[in-house]
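So the structure is just underneath, and the comments pick up after that.
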Amino acid sequence: MAKTGILRLRLTNFRSYEYLNLEFGSSFQPVVLTGHNGAGKTNILEAVSFLTPGKGLRSARLSDVARRKTAETLLNADVACLPERWSVMADLQTHTDQVRLGTGTIDGTDRRQVRVDGKNVSKQSELGRYCKCLWLTPAQDRLFCGDPVARRRFLDRLVQAFDEGHAQRLSEYNAAFKQWSCLLREGRFDHSWLTALERQLVSSGVAIAASRLDVIHRISTYLIQAENPLFPTAEVILTGVLEQQLLTRSALCVEEEFAERLKQSRKIYADGGSVAGPHTADFKVIHAQKNMDAALCSTGEQKALLLSIILAEMKTQMHEQGQCPLLLLDEVSAHLDVKRRNTLFDILADLPTQVWMTGTDPFSFLHLSNRAVFYDVEDSNLSLQKVA
Ligand SMILES: Nc1ncnc2c1ncn2[C@@H]1O[C@H](COP(=O)(O)OP(=O)(O)OP(=O)(O)O)[C@@H](O)[C@H]1O
Ligand SMILES: [Mg+2]
């Protein structure tokens, strides 16, 4: 399979970077960024994540991404400083073509522009046609124990890679739910308005649940075939009401039931109650070899389970779409013992895609010497490094 990756990456006024230009060969070896805390490693991964639709790996407000001037620069400035415009540009080798992707803001606000081969495109989702990207960050290390919102976000990113309409349906569902909940909480029982919103909630809601089920089913094939016992088989179980119902009932039945439940819940919701739907859905993961809920596994075991899911998603994409997504692993070594870490590096070095990794200690990547491009990051300056 042809390798995919970034040939050139250019950042302008992005977080701590006023300007950065990186160029890579077409062998797309893993890129390893190491340096002290605050050196600027994660910022680079975040910039790469903006080559896909959405809010990037930090789920940041776009205005926060624009480079803030330091106190010293502000002191020397002649005029009051406006928020910076920021941009990320990349020459990307896909499995078929080379494409130039650009994104950024015009005036430091929350409007993100996207360009493909120098032409403005109106929808961010266009980026997804060229660039797919998966990531793991330290914030996800406790994904199985923490906030369900983060788990849903993780799940929906897995789904979006296969279903281009998923993000659109999620935003339609969320917009309708917001209106529905506002009407009820303000005591405005406008029957025909509520019914119209419920129709929207039912049609996009059941489609969202069906897509989640479908993608987890497809990934599960590769989860079961996990090739290395150090990265255990993760059994993913969707626990959302609609997802559960779809396992045994037709989509039509589930739609009818959801419509009825929404209607019956109006009063309860208006009084401060809740209603279950795709917005409350969740999933749990079982460590299959140990038959143990992931939430009860050790921190390192949880990280290995997450990596198993990510690797299975990558394999599914490779087999179904003929392209392997870019992979961003922030603080990749955290919680992994030496054996697991080196086994992971072997797996990553063989993937037909560019894998970006960060860490504070270059020597923890020694196993990858001669198989990766190493950069030392210091004060948002990058220099090539030899790690041997
Ligand atoms: N909008 C911004 N403008 C300027 N600097 C920013 C902006 N946002 C974040 N920074 C700064 O960028 C610096 C580098 O952050 P980054 O998260 O990349 O560090 P890191 O190398 O990943 O560190 P760690 O090892 O602690 O994870 C931080 O000092 C942070 O305060
Ligand atoms: Mg970091």
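The values are calculated or read from the model by the stated rules, or taken from the named source; none is laboratory data. Quantities reported herein were computed from a predicted structural model and do not represent experimental measurements. Methodologically, a virtual Cβ is constructed for each residue, glycine included, from the backbone with ideal geometry; neighbour enumeration extends over all protein chains shown.
For region 369-388, enumerate the residues that are within 16 Å of ligand 1 (Cβ to nearest atom) and either crowded, with 19+ Cβ neighbours inside 10 Å or within 25 Å of the chain's Cα centre (by Cα) (or both).
Scanning region 369-388 gives Phe374, Tyr375, Val377, Ser380, Leu382.
Go through region 1-12 and give me each residue that's buried (at least 21 other Cβ atoms within 10 Å of the Cβ) and among the polar types (S, T, N, Q).
Passing the criteria: only Thr4.
For the structure I just gave you, tell me whether Arg151 is of a type in the set (Lys, Arg), at pLDDT 95 or above and more than 16 Å from ligand 1 (Cβ to nearest atom).
yes
Of all helices (runs of 4 or more DSSP H) completely enclosed by region 228-326, which ones contain at least 1 residues that are basic (Lys, Arg) and in contact (Cβ under 8 Å) with a residue 12 or more places away in the chain?
251-270, 299-321
Please return the ranges of strands (runs of 3 or more DSSP E) entirely within region 1-52 where 3 or more residues are in contact (Cβ under 8 Å) with a residue 12 or more places away in the chain, out of contact with any Gly (no Cβ under 9 Å at 6 or more places or on another chain) and aliphatic (A, V, I, L, M). Step through it out loud before you land on a result.
Working: elements: 5-14, 17-23, 31-35.
By residue number, 5-14.
Could you list, in sequence order, the residues of region 26-68 that are away from ligand 2 (no atom under 11 Å from the Cβ), more than 17 Å from the chain's Cα centre (by Cα) and of a type in the set (D, E, K, R)?
Residues satisfying the conditions are Asp64, Arg67, Arg68.
Output the residues belonging to region 314-368 that are under 18 Å from the mean Cα position of the chain (by Cα) and within 16 Å of ligand 1 (Cβ to nearest atom).
Answer for region 314-368, where residues must be under 18 Å from the mean Cα position of the chain (by Cα) and within 16 Å of ligand 1 (Cβ to nearest atom): Leu328, Leu329, Asp330, Glu331, Val332, Trp356, Met357, Thr358.
Any residue that is within 16 Å of ligand 2 (Cβ to nearest atom) and buried (at least 19 other Cβ atoms within 10 Å of the Cβ) - is there at least one of those in region 342-357? Can you show your working first?
Taking region 342-357 as the starting set, the residues that turn out to be within 16 Å of ligand 2 (Cβ to nearest atom) are 356-357.
Still in the list and also buried (at least 19 other Cβ atoms within 10 Å of the Cβ): 356-357.
Checking region 342-357: at least one residue is within 16 Å of ligand 2 (Cβ to nearest atom) and buried (at least 19 other Cβ atoms within 10 Å of the Cβ).
Does Ala251 satisfy the condition of being modelled with pLDDT of 95 or more, over 18 Å from Arg153 (Cβ atoms), surrounded by fewer than 21 Cβ atoms within 10 Å (Cβ to Cβ) and within 22 Å of the chain's Cα centre (by Cα)?
Taking the combined requirement at face value, the residue does not satisfy it.
State whether the residues of region 119-133 include one that is more than 18 Å from the chain's Cα centre (by Cα), surrounded by fewer than 17 Cβ atoms within 10 Å (Cβ to Cβ) and assigned to a helix (DSSP H, G or I).
no
Exactly one of (1) in the same structural domain as Gln179 (by TED's automatic domain parsing); (2) at positive phi is unmet by Asp271. Its number?
(2)
Of all residues in region 18-38, which are more than 14 Å from Met357 (Cβ to Cβ) and crowded, with 21+ Cβ neighbours inside 10 Å?
If the condition is that a residue be more than 14 Å from Met357 (Cβ to Cβ) and crowded, with 21+ Cβ neighbours inside 10 Å, then no residue fits.
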